[in-house]
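Engineer: Please see the structure below; I have some questions.
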Amino acid sequence: MLIIDHLSKTFNPGTVNEKLALDDVSLHLAPGDFVTVIGGNGAGKSTLLNCVAGVYRQDRGSIRVNGTVLDRLPEYRRAKHLGRVFQDPLMGTAADMEIEENLALAFRRGKRRTLAWGVTPQERKRYHELLKSLGLGLEDRMSQKVRLLSGGQRQALTLLMATIGAPKVLLLDEHAAALDPKTAKKVMELSDQFIKEMGLTCLMVTHNMRHAIQYGNRLIMMSQGRVILDVSGEEKQRLTVEGLVRRFSEHSEDEVMNDRMLLG
Amino acid sequence: MEQVLLGALSLGLLWSIMTLGVYITYRVLNVADLSVEGTITLGAAVTAQMIYAGHSPFLGMLLSFLTGLLAGLATGLLHTKLKIPALLSGILTMIALYSINLRVMGKANLSLLRLDTAYTKIGGWLGLDKTWSVIVMGAVMSLALVFILYWFFGTELGSAIRATGNNPNMVRAQGIHTDTTVIMGLMLSNGLVALSGSLIAQSQNYADVQMGVGAIVIGLASLIIGEVIFARNNFLSRLLSMILGAVTYRIIIALVLRLGMPADDLKLFTALTVVVALFLPRLKEMRETSRHITKGNQHADH
């Protein structure tokens, strides 16, 4: 479903700030794969997601989604294949627009915007049901501005927007990292539920090792722009945080794991 | 006095269309677009030249609107495709338009005295004098535009433009090309500003290459007055408040002039009004913060 071949990306080439963010990364996701991505700061996790989304253009390599080559498509033209949730809860929604208006924008992802009315009554019914499934009471606040929602509520709404219309690939970029532990748990459970229900193919970056082990059917670890560990199936189910830390230090002896990863 | 207020009302209604244009860029798209200083004159110049050349004033108004769209397109392309900051893009268009406006008129100003304007036509049909035909025309057009804009910004396309001003990252993630939405917003805004210029030129019976100087500040002053005094928390009321704000601004100006302020100081007065209005929310914030701090200190003393 998502084929990443020999992807490389260097930021600020030819300057003192030159940084090799992705170093010949290849990754093939089968339909329904839920892959969690861990690694230290600057390992290239977010860069990988942003290259798939089209925020950055890779230097070398190729990205395909369901047979479509994305390499030359700008960000907005990739959107019809992708659902995205960002780390910053403010990034995924338009604050001064209503909850239902935000959903309507997402519902039309990949379609031409016309002079038809922005939210139809039939849609409204559907959004009501969808919002109900979040269990946050947002279905009774559909015409409220998103600005009034908490970070967790906004992130849950963004998740709903990202999964509406079952995108080919769902990209989650540390989407629970900015939330308090209880809300983070709720958002992670909702993500897992949606992914399973719709059979979505998902790439989820996380700083939280426990989340990375608990969720998904496959885990990859990145360091210095490379994939250094790729486990799935039963092997993944047997992973422990301690085990991961050990594996990590085996692969990158000179790199110290950051505290957030260990404590998360 | 009645004549003064009627004059302020008619001028306010004509400028309210320009204020709606400023609202689209400043509030909806979240960019300060200075090209309007050139566009308002462009609208005036095009209509004046059309009337001067013997064409229908209504055809002139349509052409003014269309050339305004083009001016907005120029600013939009500079900003989105050449990645020039919005403020500078607007300034570049504004300066370029100065020469274009001189070309359109062939000289620095063009008189429409004793020529048929939209107002003389409407006045003739409805049996109204000049002042009242300006008021009727201004009221009908500004209200019609408010409802058209309200409809447009409720459509899929309009929603996409509103979201762009809010959060362009999110808009791109939903498959919308933000370059296109920014350009469309700038075009619509400048089209309205040019239409406003056309109506203003016809009411004052001339177009002048200098008439746009300071227009953005007048637009912002009207916008802020409208929002602060009249706007409620819904989109239709905010659009309507632009009309009320533009009229209120003109009434305030008429009153301070009557109280003896020299007309030469008008632009300084307007600029200061905008400075104060823009500073007010910040002042409120600062006072609230200092109140919290004082409270905290009192608690510490106990």
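Derivation of every value follows stated rules applied to the coordinates shown; laboratory data play no part. Computed from a predicted model, the values in this text were never measured in an experiment. For neighbour counting, all protein chains shown are included, and Cβ atoms are generated from backbone atoms with ideal geometry for every residue, glycine included.
Engineer: What ranking of A:MET209, B:MET105, A:MET142, B:MET286 emerges when the number of other C-beta atoms within 10 Å of each C-beta is taken as an exposure proxy, fewest first? Intermediate results must be reported in sequence, preceding the final value.
Structural biologist: Values: A:MET209 26, B:MET105 21, A:MET142 17, B:MET286 11.
Neighbour counts put them in this order, fewest first: B:MET286, A:MET142, B:MET105, A:MET209.
Engineer: Quick one: if the Förster radius is 45 Å, what FRET efficiency do B:LYS130 and A:VAL55 give, using the C-beta to C-beta distance and rounding to 0.05? Walk me through the intermediate numbers first.
Structural biologist: Numbers: r = 57 Å, r/R0 = 1.27.
With a Förster radius of 45 Å, E is 0.20.
Engineer: Another question, then. Give the lysines reachable from B:LYS284 as a straight Cα distance under 28 Å; neighbours fewer than 8 places away on the same chain don't count.
Structural biologist: By straight Cα distance, B:LYS284 reaches A:LYS145, B:LYS267, B:LYS295.
Engineer: Can you give the calculated 222 nm mean residue ellipticity of chain A, where each DSSP H run of n ≥ 4 adds -39,500 (n - 2.57) and the sum is split over every residue, rounded to the nearest 500 deg cm²/dmol? Kindly include the intermediate steps, with their values, before the conclusion.
Structural biologist: Numbers: 10 runs with 94 residues, N = 264.
Dividing the helical sum by the residues of chain A leaves -10000 deg cm²/dmol.
Engineer: Please determine, in degrees from 0 to 90 and to the nearest 10, the orientation of helix B:156-166 with respect to the longest principal axis defined by the Cα atoms of chain B, where the helix direction is its Cα long axis.
Structural biologist: So the inclination is approximately 50 degrees.
Engineer: Using a Förster distance of 56 Å, how high is the FRET efficiency between B:LEU102 and A:HIS28, based on the Cβ-Cβ distance and rounded to 0.05?
Structural biologist: Values: r = 64 Å, r/R0 = 1.14.
FRET efficiency, B:LEU102 to A:HIS28: 0.30.
Engineer: Kindly provide the helix-only [θ] at 222 nm of chain B, computed as the sum of -39,500 (n - 2.57) over DSSP H runs of four or more divided by all residues, to the nearest 500 deg cm²/dmol? Working shown, then result.
Structural biologist: Working: 12 runs with 235 residues, N = 302.
Estimated from H runs of four or more residues: -26500 deg cm²/dmol.
Engineer: Relative to the first principal axis of the alpha-carbon coordinates of chain A, what is the inclination of helix A:241-251, with its axis defined by its Cα atoms, in degrees from 0 to 90 and to the nearest 10?
Structural biologist: 50 degrees
Engineer: Further, regarding this structure: With a cap of 11 neighbouring Cβ atoms within 10 Å, and only residues DSSP puts in a loop, list the trypsin sites (Lys or Arg not before Pro) found in region B:102-185.
Structural biologist: Details: sites: B:ARG103, B:LYS107, B:ARG114, B:LYS121, B:LYS130, B:ARG162, B:ARG172; in loops: B:LYS107, B:ARG114.
The qualifying sites are B:LYS107, B:ARG114.
Engineer: Compute the long axis of helix B:215-230 from its Cα atoms, compare it with the longest principal axis of the Cα atoms of chain B, and write down the angle in degrees, 0 to 90, nearest 10.
Structural biologist: Taking Cα atoms only, the helix is inclined about 60 degrees.
Engineer: Using Cα centres only, tell me the gap between region B:206-229 and region A:1-27 in whole Å.
Structural biologist: 50 Å
Engineer: Next up: Just to verify a number: FRET efficiency for A:LYS185 and B:VAL275, C-beta to C-beta distance, R0 = 45 Å, to 0.05? Intermediate results must be reported in sequence, preceding the final value.
Structural biologist: Numbers: r = 49 Å, r/R0 = 1.08.
Step by step, r from the Cβ atoms, then E = 0.40.
Engineer: Give me, ordered by chain and number, the residues 5 or more places off A:LEU170 or on other chains with an amide H under 5 Å from its own placed amide H.
Structural biologist: Long-range HN contacts for A:LEU170: A:GLY83, A:THR201, A:CYS202, A:LEU203.
Engineer: Report the longest stretch of chain A that contains none of the GluC sites (Glu not before Pro) sitting in a DSSP loop with at most 12 other Cβ atoms within 10 Å.
Structural biologist: On the way: sites that count: A:GLU18, A:GLU253.
Answer - A:19-252.
Engineer: Name the aspartates and glutamates eligible as straight-distance cross-link partners of B:LYS130: C-alpha to C-alpha under 16 Å, and not fewer than 8 places from it in the same chain.
Structural biologist: Output for B:LYS130: B:GLU2, B:ASP116.
Engineer: Once you put a point 7 Å from the Cα of B:MET261 and another 7 Å from the Cα of A:THR114, both along the Cβ direction, what distance in nm separates them?
Structural biologist: 5.1 nm
Engineer: Looking only at B:GLY245, B:GLY106, B:GLY214, which one moves most when chain B is put into a Gaussian network model with springs between Cα atoms under 10 Å?
Structural biologist: B:GLY106
Engineer: Something else now. Once Lys and Arg get +1 and Asp and Glu get -1 on their Cβ, which of B:ASN167, B:VAL46, B:MET141 lies farthest toward the positive end of the dipole of region B:24-179?
Structural biologist: Of B:ASN167, B:VAL46, B:MET141, it is B:VAL46.
Engineer: Using a cut-off of 28 Å between alpha-carbon atoms, which lysines can reach A:LYS19, once sequence neighbours fewer than 8 places away in the same chain are excluded?
Structural biologist: Leaving aside lysines fewer than 8 places away in the same chain, those within reach of A:LYS19 are A:LYS9, A:LYS45, B:LYS81, B:LYS83.
Engineer: Given axes a ≥ b ≥ c from the Cα gyration tensor, I'd like to know whether region B:40-151 is rounded (a/c under 1.5), prolate (a/b larger than b/c) or oblate.
Structural biologist: Working: a/c = 3.02, a/b = 1.54, b/c = 1.96.
Oblate.
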